[in-house]
1. From the set of residues in the stretch B:182-205 that are within 15 Å of B:Leu215 (Cα to Cα) and open to solvent by less than 20 Å² (accessible area, probe 1.4 Å), which is nearest to the other protein chains (Cβ to nearest Cβ)?
2. Take A:Lys5 and tell me if it is among the basic types (Lys, Arg), out of contact with any Lys or Arg (no Cβ under 6 Å at 6 or more places or on another chain), farther than 19 Å from B:Ile175 by Cβ and without any contact (Cβ under 8 Å) to a residue 60 or more places away in the chain.
3. Suppose we filter the stretch A:1-51 for residues that are closer than 24 Å to B:Val180 by Cα, aliphatic (A, V, I, L, M) and at pLDDT below 80; how many remain?
4. Take the residues in the stretch B:96-133 that are out of contact with any Phe, Trp or Tyr (no Cβ under 9 Å at 6 or more places or on another chain) and outside any helix (DSSP H, G or I); name whichever of them is farthest from B:Val229 (Cα to Cα).
5. Restrict the check to the stretch A:15-23 and report whether at least one residue is part of a helix (DSSP H, G or I), surrounded by 19 or more Cβ atoms within 10 Å (Cβ to Cβ) and either among the polar types (S, T, N, Q) or more than 10 Å from chain B (Cβ to nearest Cβ) (or both).
6. Please determine, by comparing only the residues of the stretch B:150-181 that are more than 11 Å from chain A (Cβ to nearest Cβ) and in contact with a Leu (Cβ under 9 Å, 6 or more places away or on another chain), which one is farthest from B:Val214 (Cα to Cα).
7. Quickly run through the stretch B:39-68 and pick out the residues that are touching a residue at least 12 places away in the same chain (Cβ under 8 Å) and surrounded by fewer than 11 Cβ atoms within 10 Å (Cβ to Cβ).
Amino acid sequence: MSGVKKEFVHLLANYGHVGFTFATSIVLGFAGGVLLDQKVFNGKTAPWFTFIGLAFGIAAGYKTLLDVVRVAQADEKRQAREEQERHER
Amino acid sequence: MEHPILFISVVLQKLGLPVPHGAVGSNFIEQICAPYMTYTWFVMAFLFFVIKVTIGDLELIPGRGQNFWEVVVGSMDNFFAENMGRELADRYFPMIATFALFITVANLIGLIPGFMSPTASLNTTLALTLIVWVTHHVIGFKMHGIGYLKQFAGPIPLLIPLMLPIEVISNLARIISLSVRLFGNIMAKETLLSILFLLAGGFFAPLPILLLGVLVSVVQAMVFVLLTVVYFSQAAEQAH
């Protein structure tokens, strides 16, 4: 594969999943909250666990964003190190 | 969705085997004869026999077939080693490389009329994803023992009640996002192609989508493999 194409696929692979993972986290948190409210506590605690689950879901979504940033930073660091090694040789 | 003609299903029907009309059959034989199952077997047989025929016996001076596979396997090996280190790449190369080849061929085979992508069914992609998800936890426990759980606790002990649900949710989100993304992309490609074939197949309407389909197939296989590699290396590295 040529350089530009490789870069393109790499970028797609690294950042193409960001939106989907973010949304999935929120939906999962929300679904967990609803499940706790309706099935475990039979609707007695009605809106509260839903809200808490939603909040945790949103927080988890942002955490996945931070993960992406961390992976990108590690990538950059590795590339810089390789560049340095190439210069030293 | 109205299914186009699928060759294996037609052959199976001629042989007298029950082919389900819905997505999933009602009894065991029908479930085995469902298109996504038969085409999964087809892809596996295709990979096995093509590699067997093109390589044959390994030789010191490679022929054309062996040359091709050496380039494919060599570049994959380099890619894995770059992203997760030599040691992990050596240990898990067979598994991830098999996934890469299987998903690429399974995605691309749907572009040929009469075939369908097994990855256009959520069952296939979910199975692949669950294998990856379980394996990355197994790697984590193997590397760090019970201390692997600390990765889910966050940096400060006081924040554990806050961090634990967040980490668990974002970890479970990996299963859904990994499986549904592959399934969604490939299913969309298949559906779009079959609709365009039905509407204006005679005017070459599906051609641009076929072109895009090749790109989507390769990129989605790459994404799946790269995310697998990232998850494995994250599980293996020291707790942050």
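The values are calculated or read from the model by the stated rules, or taken from the named source; none is laboratory data. Keep in mind the model is a prediction, meaning the values are calculated, not measured. Every residue, glycine among them, receives a Cβ derived from its backbone with ideal geometry; neighbour counts consider all protein chains shown. Quick note on the areas: whole protein, heavy atoms, side chains included, nothing else; ligands and nucleic acids left out. Shrake-Rupley method; radii C 1.70, N 1.55, O 1.52, S 1.80 Å.
1. Taking the candidates together, the pick is B:Leu182.
2. Criteria met by A:Lys5.
3. So the count comes out to 4.
4. B:Ile112
5. Checked against the condition, which is being part of a helix (DSSP H, G or I), surrounded by 19 or more Cβ atoms within 10 Å (Cβ to Cβ) and either among the polar types (S, T, N, Q) or more than 10 Å from chain B (Cβ to nearest Cβ) (or both), the stretch A:15-23 yields at least one hit.
6. Only one residue fits best here, namely B:Ala153.
7. If the condition is that a residue be touching a residue at least 12 places away in the same chain (Cβ under 8 Å) and surrounded by fewer than 11 Cβ atoms within 10 Å (Cβ to Cβ), then B:Val53 is the only one that fits.
Yes or no, residue by residue, for (1) at pLDDT below 80; (2) acidic (Asp, Glu):
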| site | (1), (2) |
| --- | --- |
| B:Leu6 | yes, no |
| B:Ser26 | yes, no |
| B:Glu30 | yes, yes |
| B:Tyr39 | no, no |
| B:Lys52 | no, no |
| B:Pro62 | yes, no |
| B:Phe68 | no, no |
| B:Val73 | no, no |
